[in-house]
Amino acid sequence: MSNKMDERLESMYQDVLRRNPGEAEFHQAVREVLETLGPVLAKYPEFRERKIIERICEPERQIIFRVPWQDDRGEVHVNRGFRVQYNSSLGPYKGGLRFHPSVYLGIIKFLGFEQIFKNALTGLPIGGGKGGSDFDPKGKSDNEIMRFCQSFMTELWRYIGDTTDVPAGDIGVGGREIGYMYGQFKRLTSRYEAGVLTGKGLDYGGSLVRTEATGYGATFFVEEMLKVRKDSFDGKRCVVSGSGNVAIYTIEKITQLGGRVVACSDSNGYIIDEKGIDLDLVKQLKEVERRRIKDYVEYRGHARYVSGGNIWEIPCQVAMPSATQNEINGHDAKTLVKNGCIAVGEGANMPTTPEGIKVFLDAKISYGPGKAANAGGVATSALEMQQNATRDSWTFEYTEKRLANIMKNIHQNCYETAEEFGAPGNYVVGANIAGFIKVAKAMVAHGLI
Ligand code: GLU
């Protein structure tokens with residue numbers, strides 16, 4: 001189900017379909033942006049003349065490579081590695097690496113495409129890129145993870161650098177994986193180039209608040225949306241999907257702001273705890289022991305685990321999807337709205353399907369799309385790069401204040417841009433247009449490259 005598009009944009013979209021067959025998620029991400037750009041082309045004829053949209057849809061460079069590694073029994077495995085260097089108009093390519101069995105080129109391209117606009121919205125000098133592998137970290141030993149990361153970096157190192165391309169984490173890639181990849185980069189290059197990766201450990205060039213940043217930032221964004229409605233998190237019943245890095249720090253910040261998170265999940269099922277999720281327990285299970293979320297109920301007798309259930313059926317006022325793409329469909333969105341949900345903030349990338357987005361927009365609830373709401377992670381990565389460039393490290397308080405300010409500015413920019421382009425309250429329009437215009441102007445300035 002798709003909305004009507006400007007004729008010129010529709011034909012550009014058809015070209016994207018033809019040139020990138022079989023990449024459904026990439027098509028979805030491109031369509032969602034192009035659908036909102038009609039008024040921009042009308043206002044800026046130079047973007048049309050210079051074929052900015054056609055150029056922005058085509059990655060500057062795509063790297064695909066073999067990643068062989070050995071498991072603990074000595075058996076050989078072969079995975080595929082990717083790095084899509086999408087757009088460097090505003091700065092070095094910047095974006096995470098995703099290790100998950102669902103990864104293929106279409107996933108990395110959708111993520112890289114979104115990253116261009118997200119990074120532009122941060123107001124910081126970073127271009128857009130993304131990478132990863134179809135490697136499944138689930139159930140792997142620490143040594144297997146290390147060998148995989150080393151093999152991955154043995155190919156990737158020649159394409160990255162602090163002024164060219166700066167990877168970080170995403171699903172399946174956290175502090176441990178970044179550490180192994182940084183170690184291998186350092187060994188292969190004989191250089192201590194801290195700014196080549198972000199999400200590093202605090203002992204070797206990482207930034208305070210980077211671990212918390214995506215979840216905290218998404219929560220700050222929702223707080224801003226609630227302020228517009230003359231409301232706040234205080235006393236709100238919230239549901240956060242996922243139980244990884246983004247979900248954990250979303251739950252933490254919501255709780256600090258007076259909200260109560262009653263449910264979270266993993267790919268097997270969800271837990272519901274009416275007293276409010278015990279975050280220390282979730283952190284211990286997921287971050288330290290790397291266990292499944294169902295184990296939560298072993299320690300909290302009153303909580304319930306629902307295997308394979310649909311977390312969006314739980315009534316809530318604020319929903320923060322923080323697991324993965326397309327986790328909220330049209331039906332789920334209708335259920336949320338019917339149950340009284342007034343705000344949705346996306347911690348994950350593209351967690352809502354086009355049908356779901358339409359439901360939220362039609363219902364006029366506050367809907368913060370991922371490329372705006374979850375920009376706090378990559379923004380804090382850019383702050384980590386600043387600290388590395390000046391060989392400095394900032395305090396937690398100062399860095400969190402910078403993050404909160406960035407999220408406030410992103411919200412305001414999206415809000416005002418939506419008004420300016422005739423779609424008040426529509427953060428999809430605001431985020432897409434504000435991000436696009438910034439990149440497009442830089443592309444015009446750089447000439448035909
Ligand atoms: N993977 C995160 C994102 O989707 C963070 C990327 C980064 O820090 O470079 O934006």
Would you please list the contacts, defined by Cβ atoms under 8 Å and residues six or more apart or on different chains, that run from a residue in segment 209-236 that is within 16 Å of the ligand (Cβ to nearest atom) and of a type in the set (A, V, I, L, M, F, W, C) to a residue that is at pLDDT 95 or above and open to solvent by 20 Å² or more (accessible area, probe 1.4 Å)?
Val209/Phe396; Val209/Glu400; Ala218/Val246; Phe220/Ala404; Phe220/Lys408
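May I ask you to verify whether Ala194 is open to solvent by less than 40 Å² (accessible area, probe 1.4 Å) and under 22 Å from Gln325 (Cα atoms)?
Numbers: open to solvent by less than 40 Å² (accessible area, probe 1.4 Å): yes; under 22 Å from Gln325 (Cα atoms): no.
It is false that Ala194 is open to solvent by less than 40 Å² (accessible area, probe 1.4 Å) and under 22 Å from Gln325 (Cα atoms).
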What's the number of the condition Gly74 fails, among (1) out of contact with any helix residue (DSSP H, G or I) (no Cβ under 8 Å at 6 or more places or on another chain); (2) part of a strand (DSSP E or B)?
(2)
Residue list for segment 134-165, restricted to those being open to solvent by less than 10 Å² (accessible area, probe 1.4 Å) and either in a loop (DSSP other than H, G, I, E, B) or away from the ligand (no atom under 14 Å from the Cβ) (or both)
Phe135, Ile145, Phe148, Cys149, Phe152, Met153, Leu156, Gly161
Go through (1) within 16 Å of the ligand (Cβ to nearest atom); (2) among the charged types (D, E, K, R); (3) not in a strand (DSSP E or B) for Arg83 and report which single condition fails.
(3)
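Which one is nearest to the ligand (Cβ to nearest atom) among residues in segment 184-201 that are without any contact (Cβ under 8 Å) to a residue 12 or more places away in the chain and of a type outside the set (D, E, K, R)?
Our first condition is that a residue be without any contact (Cβ under 8 Å) to a residue 12 or more places away in the chain; within segment 184-201, this holds for 186-187, 190-192.
From the residues that got through so far, the ones that are of a type outside the set (D, E, K, R) too are 190, 192.
Working: Ser190: 25, Tyr192: 20 Å.
In this case the residue turns out to be Tyr192.
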What are the pairs with Cβ atoms under 6 angstrom where one residue, in segment 115-134, is without any contact (Cβ under 8 Å) to a residue 24 or more places away in the chain and the other, located anywhere, is near the ligand (Cβ under 10 Å from one of its atoms) and outside any strand (DSSP E or B)? Sequence gap at least six, or different chains.
none
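Report, by residue number, each residue of segment 197-207 that is crowded, with 18+ Cβ neighbours inside 10 Å and either of a type in the set (S, T, N, Q) or part of a helix (DSSP H, G or I) (or both). Before the answer, list the steps.
As a first pass, look at segment 197-207 and keep what is crowded, with 18+ Cβ neighbours inside 10 Å: 197-200, 205-207.
Residues satisfying the conditions are Thr198, Ser207.
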Looking at (1) open to solvent by less than 30 Å² (accessible area, probe 1.4 Å); (2) in contact (Cβ under 8 Å) with a residue 40 or more places away in the chain; (3) on the phi > 0 side of the Ramachandran plot, which is the only condition Gly276 fails?
(2)
Members of segment 86-103 that are in a strand (DSSP E or B), under 20 Å from Val439 (Cα atoms) and within 11 Å of the ligand (Cβ to nearest atom)
Tyr93, Lys94, Gly95, Gly96
In segment 63-91, what residues are crowded, with 16+ Cβ neighbours inside 10 Å and either within 21 Å of Leu448 (Cβ to Cβ) or without any contact (Cβ under 8 Å) to a residue 40 or more places away in the chain (or both)?
Gln85, Tyr86, Asn87, Ser88, Ser89, Leu90, Gly91
Please go through segment 214-235 and pick out each residue that is open to solvent by less than 50 Å² (accessible area, probe 1.4 Å) and over 25 Å from Pro424 (Cα atoms).
Thr214, Gly215, Tyr216
Which residue, of Thr353, Thr380, is more than 14 Å from the ligand (Cβ to nearest atom), surrounded by 20 or more Cβ atoms within 10 Å (Cβ to Cβ) and either touching a residue at least 60 places away in the same chain (Cβ under 8 Å) or among the hydroxyl-bearing types (Ser, Thr, Tyr) (or both)?
Thr353
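Give the residues of segment 4-20 that are within 24 Å of the chain's Cα centre (by Cα) and in a loop (DSSP other than H, G, I, E, B), sorted by residue number.
Taking segment 4-20 first, the residues within 24 Å of the chain's Cα centre (by Cα) are 13, 16-17, 20.
Answer for segment 4-20, where residues must be within 24 Å of the chain's Cα centre (by Cα) and in a loop (DSSP other than H, G, I, E, B): just Asn20.
To keep it simple, each residue is scored yes or no on (1) at pLDDT below 95; (2) closer than 20 Å to Gln115 by Cα; (3) buried (at least 23 other Cβ atoms within 10 Å of the Cβ).
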residue: Cys341; (1), (2), (3): no, no, yes
residue: Glu346; (1), (2), (3): no, yes, yes
residue: Leu361; (1), (2), (3): no, no, no
residue: Glu384; (1), (2), (3): no, yes, yes
residue: Thr399; (1), (2), (3): no, no, no
residue: Asn413; (1), (2), (3): no, yes, no
residue: Pro424; (1), (2), (3): no, no, no
residue: Val428; (1), (2), (3): no, yes, yes
residue: Phe436; (1), (2), (3): no, yes, yes
Condition check: of a type in the set (A, V, I, L, M), touching a residue at least 60 places away in the same chain (Cβ under 8 Å), under 22 Å from Glu23 (Cβ atoms) and away from the ligand (no atom under 16 Å from the Cβ). Does Ile52 satisfy that?
yes
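The values are calculated or read from the model by the stated rules, or taken from the named source; none is laboratory data. What you see is a predicted model, and the numbers here were worked out from it, not measured in a lab. Cβ: placed from backbone, ideal geometry, glycine included. Neighbour counts: every protein chain shown. Areas reflect the complete protein model, heavy atoms only, side chains present, ligands, DNA and RNA absent. Shrake-Rupley method; radii C 1.70, N 1.55, O 1.52, S 1.80 Å.
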